[in-house]
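Working notes, structure below.
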Amino acid sequence: MANAIEIKQKNRNNIFRYIYQEKKISKLEIARGLGLSMPTITQNLAELFERNLIYVNGTFESTGGRKAKAICCNMNAKYAIGIDITKNHISGVLVNLAGELIYSLRLRMRFEPTEAYYQKLSSLVDHVAESGKVSPEMILGVGISIPAIIDKDNRTIHYAPIVDVRTIYEDLRNRLSYPYAIFNDSKAGGYAELWHAKHVENMVYLSLSNSVGGAVLMNNEIYYGEQRFSGEVGHMTLEIDGRPCYCGKKGCVDAYCNAQNLSNHTDGDLKRFFELLEAGDEECAAEWQQYIHYLSVVINNLNNMLNCDVILGGYVGGFMEKHIGELRRLVVERSTFETDGSFIKTCFFKYESSAVGAALYFIDEFINAI
């Protein structure tokens, strides 16, 4: 049975979340919505005001009496930093309590487990905070996204074939000024999409970057699987004894649907590939038809297995809006079950979803503790 302290904390958290969800609300509406007494509401609002987590933003129109004060969350009371590490790049983002992207930066920097690299990473973290004009006490923590399978402690790495980050958690000890944790890049990207999705509880996030990954999100939570590799779509077999994959097997989805299949035609410039594709370049068009054919097979398989929205993210996902109709048509043609293909959607974050998702871990943790 909950004690008085637990009940008080739960009430405070529920009140904050209600204001957070409604954006702008009166004290009376909070009481009615949550079924709490006005003294309870008043006491908890006073604590939230004192912590600078809420503020008054004008008044509502009068319905006959005094105008009710409009209460809002202070989304800029706290922030978190997200870092995304890939083989050849590093990104940094700053997000507020609403999960809004305040600042972002992407640098070409090859990963090396060296003192020089970690010093640059530490400097990047400081630069993101300074560029966002945020003082250190307002930073909740740093989430670090990497292409690896990570234990639930958010520090132990079990599998990292693309980038040798196996010791990164220990390597960063005493190098960062804030609490930090590490996360799988695709699952972080999926979490960022789920955070901003409206009325979606279940979905598959498909990350189509220089490697292919994914995240299965069920009941508003990431499903990790028994050994934490749920959602590793890139290593489903697409062609028996097909193209070699970096994992050492053949015929994996990654070998057919990673972004480099496209960007290799334009010296690594994916944006240029899509510009040429839309301009009618025959070589790019031929590669695209092969790419989207394989992608439609993958998505149809995911739909047959999980029957929920599929969100296209990663580097390629950021360019898919103009091509989503073509992809849906191919999936509809292949599907055994009746569908119009509308379950296939483009991502909310065109860039840096993994870094944002990693940062959101600390935002979520903070909100849960209010």
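The values are calculated or read from the model by the stated rules, or taken from the named source; none is laboratory data. Note that the coordinates shown come from a computational prediction; the quantities given were computed from them, not determined experimentally. All Cβ positions, even for glycine, are placed from backbone atoms using ideal geometry, and neighbour counts span all protein chains on display. Accessible surface is based on the protein model in full, side chains and every heavy atom, while ligands, DNA and RNA are left aside. Shrake-Rupley method; radii C 1.70, N 1.55, O 1.52, S 1.80 Å.
With +1 assigned to the C-beta of every Lys and Arg and -1 to the C-beta of every Asp and Glu, and no other charges, what is the dipole magnitude of the chain about the Cα centre in debye, to the nearest 20?
Rounded to the nearest 20 debye, it is 1420 debye.
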**OP:** Please work out the ratio of the alpha-carbon Rg of the chain to 2.2 N^0.38 Å and round it to two decimals.
**Re:** 1.10
**OP:** Could you provide, to the nearest whole Å², the per residue accessible area of segment 280-365 with probe 1.4 Å?
**Re:** 46 Å²
**OP:** Would you mind getting the accessible area per residue of segment 156-200, heavy atoms of the protein chains only, 1.4 Å probe, in Å²?
**Re:** 48 Å²
**OP:** Take the chain, connect every pair of alpha-carbon atoms lying under 10 Å apart with a spring to form a Gaussian network, then pick out the residue of A181, A192, A215 with the largest mean-square fluctuation.
**Re:** A181
Original post:
What does a probe at E47 reach in segment 327-370, counting residues whose amide N is under 11 Å from the point 7 Å along Cα→Cβ?
Top reply: 370
Subject >> DSSP bridge pairs, the chain: antiparallel proportion in percent, nearest 5 >> reply: 65 percent
**OP:** Sum up the charges of everything whose Cβ sits under 12 Å from the Cβ of R243, counting Lys and Arg as +1 and Asp and Glu as -1, but leave R243 out.
**Re:** -1
Original post:
Within straight cross-link reach of K8, meaning Cα distance under 21 Å, which lysines are found once same-chain residues fewer than 8 apart are removed?
Top reply: K27
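In percent, what relative contact order does segment 306-370 have, based on Cα pairs under 8 Å that are 6 or more apart in sequence?
Across segment 306-370, relative contact order equals 41 percent.
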Subject >> Calculated FRET value between S37 and S131, using beta carbons and R₀ = 41 Å, to 0.05 >> reply: 0.35
**OP:** Would you mind working out the magnitude of the charge dipole of segment 81-210 relative to its Cα centre, with +1 at each Lys and Arg C-beta and -1 at each Asp and Glu C-beta, to the nearest 20 Debye?
**Re:** 220 debye
Subject >> Degrees separating the helix 115-131 axis from the principal Cα axis of the chain, which is the longest one >> reply: 50 degrees
Subject >> Proximal charge balance of C73 [Cβ under 10 Å; K/R count +1, D/E count -1] >> reply: +2
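How would segment 259-370 be classified by its alpha-carbon gyration tensor: rounded, prolate or oblate, with rounded meaning a/c under 1.5 and the a/b versus b/c comparison settling the rest?
oblate
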Subject >> Accessible area of the chain belonging to carbon and sulfur atoms, whole % at 1.4 Å probe >> reply: 48 percent
Original post:
In the neighborhood of I54, defined by Cβ-to-Cβ distances under 12 Å, what is the net charge if each Lys or Arg adds +1 and each Asp or Glu adds -1?
Top reply: +4
Original post:
Along the Cα-to-Cβ line of D364, 7 Å from the Cα, sits a label point; which residues in segment 195-218 have backbone N less than 20 Å from it?
Top reply: 195-208, 213-218
**OP:** Any chance you could check the Cα centroid distance between segment 65-104 and segment 133-200 for me, in angstrom?
**Re:** 16 Å
Original post:
Once you sort the root eigenvalues of the Cα gyration tensor of segment 123-265 as a ≥ b ≥ c, which label holds: rounded (a/c under 1.5), prolate (a/b larger than b/c) or oblate (the other case)?
Top reply: prolate
**OP:** Using a 10 angstrom cutoff on alpha carbons, build the Gaussian network for the chain and name the most mobile of V128, V212, V332.
**Re:** V332
Original post:
Relative to the longest principal axis of the chain, what angle (0 to 90°, nearest 10) does the C-alpha long axis of helix 353-369 take?
Top reply: 30 degrees
Original post:
How far is helix 38-50 tilted off the main Cα axis of the chain, in degrees rounded to 10, range 0 to 90?
Top reply: 60 degrees
Subject >> Cα gyration tensor shape for segment 190-233, rounded if a/c is under 1.5, else prolate or oblate >> reply: oblate
Subject >> Solvent-accessible heavy-atom area per residue, rounded to whole Å², over segment 1-82 at 1.4 Å >> reply: 62 Å²
